[in-house]
Amino acid sequence: MSLLSSYEGLRQETQRLGMSLLSSYEGLRQETQRLGMSLLSSYEGLRQEIQRLGMSLLSSYEGLRQETQRLGMSLLSSYEGLRQETQRLGMPLLSSYEGLRQETQRLGMSLLSSYEGLRQETQRLGMSLLSSYEGLRQETQRLGMSLLSSYEGLRQETQRLGMSLLSSYEGLRQETQRLAQENDELRRLVQLIQENQELKLVLRNRGSSLGFCSSGLLAEVAASPRPSRRRTIKFKDADRVLPGLQAEESLLDSSPVIMGNPEGRFHFAIDRGGTFTDVFAQCPGGHVRVLKLLSEDPANYVDAPTEGIRRILEQEGGVLLPRDRPLDTSRIASIRMGTTVATNALLERRGERVALLVTRGFRDLLHLGTQAREDLFDLAVPMPEVLYEEVLEVDERVVLYRGEPGTGTPVKGCTGDLLEVQQPVDLGGLRGKLEGLLSRGIRSLAVVLMHSYTWAQHEQQVGALARELGFTHVSLSSEAMPMVRIVPRGHTACADAYLTPTIQRYVQGFRRGFQGQLKDVQVLFMRSDGGLAPMDSFSGSRAVLSGPAGGVVGYSATTYRVEGGQPVIGFDMGGTSTDVSRYAGEFEHVFEASTAGVTLQAPQLDINTVAAGGGSRLFFRSGLFVVGPESAGAHPGPACYRKGGPVTVTDANLVLGRLLPASFPCIFGPGEDQPLSPEASRKALEAVAVEVNSFLTNGPCPASPLSLEEVAMGFVRVANEAMCRPIRALTQARGHDPSAHVLACFGGAGGQHACAIARALGMDTVHIHRHSGLLSALGLALADVVHEAQEPCSLPYVPETFVQLDQRLSRLEEQCVDALRAQGFPRSQISTESFLHLRYQGTDCALMVSAHQHPATARSPRAGDFGAAFVERYMREFGFIIPERPVVVDDVRVRGTGRSGLRLEDVTKAQTGPPRVDKMTQCYFEGGYQETPVYLLGELGYGHKLQGPCLVIDSNSTILVEPGCQAEVTETGDIRISVGAEAPSTVGTQLDPIQLSIFSHRFMSIAEQMGRILQRTAISTNIKERLDFSCALFGPDGGLVSNAPHIPVHLGAMQETVQFQIQHLGADLHPGDVLLSNHPSAGGSHLPDLTVITPVFWPGQTRPVFYVASRGHHADIGGITPGSMPPHSTTLQQEGAVFLSFKLVQGGVFQEEAVTEALRAPGKIPGCSGTRNLHDNLSDLRAQVAANQKGIQLVGELIGQYSLDVVQAYMGHIQANAELAVRDMLRAFGTSRQARGLPLEVSAEDHMDDGSPIRLRVQINLSQGSAVFDFSGTGPEVFGNLNAPRAITLSALIYCLRCLVGRDIPLNQGCLAPVRVVIPRGSILDPSPEAAVVGGNVLTSQRVVDVILGAFGACAASQGCMNNVTLGNDHMGYYETVAGGAGAGPGWHGRSGVHSHMTNTRITDPEILESRYPVILRRFELRLGSGGRGRFRGGDGVVRELLFREEALLSVLTERRAFRPYGLRGGEPGARGLNLLIRKDGRTVNLGGKTSVSVYPGDVFCLHTPGGGGYGDPEDPAPPPGSPPQPLAFPERGSVYEYRRAQEAV
């Protein structure tokens, strides 16, 4: 060793190597001799060797010596031996011995004390593939050990499962050998431990923190050829392995029902939800398996439904099925699936890239939609984005044929209508544009052409060209849904093009998981209408409710049947949404509904998403308990999920002890391995409780603070009341009583609230199916295959057309039967049902009616007496019929059903003695904690009765049986709860924030129910269909308490009307009186708005104790023009009949003669007419009286429950709450200005087009939170009709205050309490009693809003106009208001083409417009560039062109034709509007803002509406486009939501 010739050299070398233990060369010599390391004759050799081997961790030979000694590696007497050995074994991962040491230590391979031992062991086991660590990984995959896809996975899994027997490699060897044998029962038990919910539940309730069994529990299992109803498991060393575990556990098997004849094969029904996938399988022999697994778990499987099928096939077949191999389908008979794939793609906007092809002139039609905004009070006007990426305008035009001179030969549409092809489709010009789309990567098209519902040739030609060019998906609107109305049909086609490719990709991926791509397996998908369809015909537009539809089918086939046909309300409350539906012997369908901002025209079950479920967030705002609509979502979820989420309803239930963390799996927290956290719930709720108690102790009515449990209980009660409101609306909308229903409860969170919901609605029964957590999957198993055929029609329903109707129905029936036969159904299994879509002529209220309960007569079609069915349903839903009015057929439809649902044969669960109490817990109810027993649903048998309070737990939900209720286990193993009366509670007149929130909902519900009665019983289109009405409840002083719907122009005006009557009549108010008023000086808005007021007397009270009122817009009450909306009126008398204070009902008698005389009175004035529709006036007035009576009845019930003093006190409290919210807003505004050194006075001024100024000065009182709104300096009353009654200004002010508050508050008299309003008498805002006011209502009101919002700097001016257009002649009349641009604001661009502020009217669909009126709509698109420039751009106005086909009188009543909508903070103003008339000869005339002019065939009216103002300096960097982020809220849908949207679109 010449290199180490000196000790100094050795010292340096050892220092370099870090060989501190070899402090002398002699030590090294002795060591090498002792080890016999002849190959390392020099230290340099050793150094080179360890470098060559990469043994960086063995930086000293002493370390190697100690290591070999420690490991006892006698067979490896030299390191060279080790090197050779590792090379021979090809162990690339163990390139250093240190790596091997760490690995063996980490794996706990105590029995393999040497690597040679490992080699010998693998040889002995014949594990030839395990010559390397990679081999072991591959082998575990091949054996189907999916969770063990790596040895590391095995280590983690055995630790997680507590599998103590597998602590060594030998243990693993023995275990895998044992499992590979035909020990079916033991293998089943191992899988039971990992997958079976009931066993997990037992173990959790025994105190296991993980909810899994250790392998020390693997034990003797009672063997049987088939699983019995109950299985006994004996545990070895039970108490030692799991403290508290009994030595023997009796478990119910999860196969409770026998169904149908499965013919030796499997039938699967799978509901793939957003969070979980539920699998319901009928196995050979008839028994059932159920399984729940995560819908997304990419670490373990690609597709949840496929994985569910694989697991059940494995469990039943006793053969491991590797995940990486397609499944054998020879034993699978059918697969049925419901999926949220389409819904999620729509909500998250993750569909296919789509281009829209639309008739030229309509490029922005789907952006404009109905032109109504979603949220009345959100100044940013957030609206869902359209689904298409690009638009191509198609040069083509088809119009309805009217026989004008010079037109060509008409063509006949499928409805029977004649049409004129004005311009054939230009395919040559279109080809290049389509090729451009392809070059940009767009492969999916939606084709939407005018009138294609009846004449589809142009769409078919475009579709053929697109497919020829290579587009992979082309959705024609005429095929997606051939119904009149281009806007919803266009949305439907776009949704189809957007979603169907996504669904097809999913279906193809699903197919690839099976051998032969499921060629010989019947695969069906649930559609939105509750019927199943083959997967090849499963399309996007019919898939949006695929998931929830299964639940409706499920309870309709179970609860409805076992409850003896009593109508059922379905209540599906999950973690992120609450769905409500109804079933009474037939499915309730809607044919047009919106989901995620997309209106779909397709048959859909009427499933109403009404709340955010357990994830509804909790707030305390200005003295009010508020639940939702904001949601915590699935991520981060409630606070108890341990992910920093907000406090929610779930947290409140957890704090109250109504949820048990031990009954939930440990899937929470960042690592998804922790239990629910009650501590996190308490901490989050305590923060809210601090706000509550601060308000109680320091607020206007000091009171004792509330405990944390009282706060939680308050939120639960408010949540329940909030969910009751839409359920009442759903039932009463169709004339049903909620209390006559059974509540069918399902979903994970529903059982917590079912008793309280049922009690509040007056129901006496709650039914919870034994598979309530998997009811949607069960519904799929019970559903039938459906094929529908539908086509539009325009025939009258008269005997002369019955033959045609029968022929069309027969043809559609044949289509359905042929389609079902092609799927393998024999004719004996096919049934059909025929429908006609009928409406009274001149109305839009069409009903899809079946004649299955009305057999044919001599005076009906052969298919049935549809007329009798229509009249019966119309009477039930609306309370009257119109016998003299012709009936029109809009559509013919046939629904074919192939009976294929699996037949349930319920097996009785026998009880074995009294129910076993699993444990006792403490639950909080009114009055404090109560001892509450906990039962396991799986242990209960038929006849067991459980007295409330108690909890019933299964693997998927917790059922709360409240005090006073009793639960009983039915013969089929379901839970039926008899709901007892609520224990009487004392509510005082002193303010209680919880009661305040409940009364707020009750008062609003009263106004809403009044509205339902008014809409049902009114006869006019304005009230019944346009829903242009408001109903309200008032306190004893006439102050507004609640008002619904929130039509902005009605918000404050009705209060002024009621209070005028109180002052005007004084003591001349008596029981049985009903008052009628519309005069502007008596609180009226404009004359067509007739207000009916009923004072309510109470025994022992001399004065009315409260008032109810309803205001409805009557289509005509006389005056100088039809419609009573003259653009050029100069006096009030020219606008129609006037009622200052008229007793419509006196002493209980309707004064028909007197009111008729008053309505005809305008005819005595020269140039005027009396009412032109007396019959509708009288009918609607009676409907308003009936609505008031409903309000009186409901308030009477409230007084009966709480007492008159309490109800009146809370009328005052709810007004005070609104006052508090406005004061908070005014203080915040003032404080913000003060902090910036700005004065507490703000002002603004704007002008009407005639130059009349609207001036406002606002003085804020910071200490009081009050303000003076002073309109002094506003211009005088004008000669014309732009004068706005004082009530209009107050309505505009309430609207602005609500917008500025920025959240839901009670809209009542209290809003104006902190405000003093100064309006100069004789001004344009408070004119003389004789002044004309019709324009003030629709135009001046908008300018008042612009001025108020401008003073507060809230946003730039919106279009400031409603763009009123009226068209009429001797036989027709038409009125519309047209959208414009919305103003931009701090953080948002203005919305283009939308109604703003004081109006939100929907516009008539272009196809309806052209079919009913003598006009052609040539253009309806955005007026690009008309919005004001700014850092945030103002919204663009629209261009709308009408070509006249008959002589008529055109009237326009518009503003912002002279003064532009202002910008703010440096933003530029929007463009002025412009009204042009282009005569047939080409002459163009500017009509000005207000005029009436005669128009003739060929003339064109071109309307350019104003744009919105910009906000901020245009030179500032532009932010990304889009609206500000909105709080996560649940996506509302269903008929209740559509009704409210329609109400607010007035």
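The values are calculated or read from the model by the stated rules, or taken from the named source; none is laboratory data. Keep in mind it's a predicted model, so treat the numbers as computed, not measured. Reconstructed Cβ throughout: ideal geometry from the backbone, glycine too, with neighbour counts over all protein chains shown. These area figures cover heavy atoms from the full protein model, side chains too; ligands, DNA and RNA do not enter into them. Shrake-Rupley method; radii C 1.70, N 1.55, O 1.52, S 1.80 Å.
When the solvent-accessible surface of protein heavy atoms is calculated with a 1.4 angstrom probe, in what order do Ile1117, Ile1408 fall, highest first?
Of Ile1117, Ile1408, the descending order of accessible area is Ile1408, Ile1117.
Just grab the label-to-label distance for Ser810 and Asp324, each label 7 Å out from Cα along the Cβ direction, in nm (one decimal).
6.2 nm
I'd like the FRET efficiency for Arg1321 and Ala1067, computed as 1/(1 + (r/R0)^6) with the beta carbon distance as r and R0 of 35 Å, rounded to 0.05.
Efficiency, from the Cβ-Cβ distance: 0.80.
Applying a 10 Å radius around every beta-carbon, put 1479-1487, 398-406 in order of their mean neighbour count, most first.
398-406, 1479-1487
Using DSSP to call loops (not H, G, I, E or B), can you name the GluC sites (Glu not before Pro) in region 992-1070 whose Cβ has at most 16 other Cβ atoms within 10 angstrom?
Loop-located and lightly packed - Glu1025.
Do me a favour and compute the ellipsoid semi-axes for region 447-532 from its Cα gyration tensor, root of five times each eigenvalue, largest one first, whole Å. Walk me through the intermediate numbers first.
Values: eigenvalues 167, 55, 22 Å².
Rounded to whole Å, the semi-axes are 29, 17, 10.
Taking R0 as 56 Å, what FRET efficiency do you get between Lys945 and Glu348 from their Cβ-Cβ distance, rounded to the nearest 0.05?
About 0.75, to the nearest 0.05.
Take each of the peptides 586-593, 1208-1215, average the number of other beta-carbon atoms within 10 Å over its residues, and list them starting from the highest.
Highest-to-lowest ranking by the protection proxy: 1208-1215, 586-593.
Which value, in Å² rounded to 10, gives the accessible area of Cys724 with a 1.4 Å probe and all protein chains present?
Its heavy atoms expose roughly 0 Å² to the probe.
Can you give the FRET efficiency to the nearest 0.05 for Asp375 and Glu686, using r as the Cβ-Cβ distance and R₀ = 30 Å?
Working: r = 32 Å, r/R0 = 1.06.
Efficiency, rounded to the nearest 0.05: 0.40.
Mind giving me the nanometre distance, one decimal, between the label points for Arg862 and Arg467, set 7 Å out from Cα along Cα→Cβ?
Here the modelled spin labels are 3.4 nm apart.
Report the equivalent ellipsoid semi-axes for region 290-388 in whole Å, largest first, defined as the square roots of five times the eigenvalues of the gyration tensor built from alpha carbon atoms.
Semi-axis lengths for region 290-388 are 45, 17, 12 Å.
Which order do the peptides 856-862, 1107-1113, 355-361 take when ranked by the mean count of other beta-carbon atoms within 10 Å per residue, highest first?
Result, highest mean first: 1107-1113, 355-361, 856-862.
Taking Rh as the Kirkwood radius computed over C-alpha pairs, what is the Stokes-Einstein D of region 937-1009 at 25 °C in a medium of viscosity 0.890 mPa s, expressed in µm² per second?
163 µm²/s
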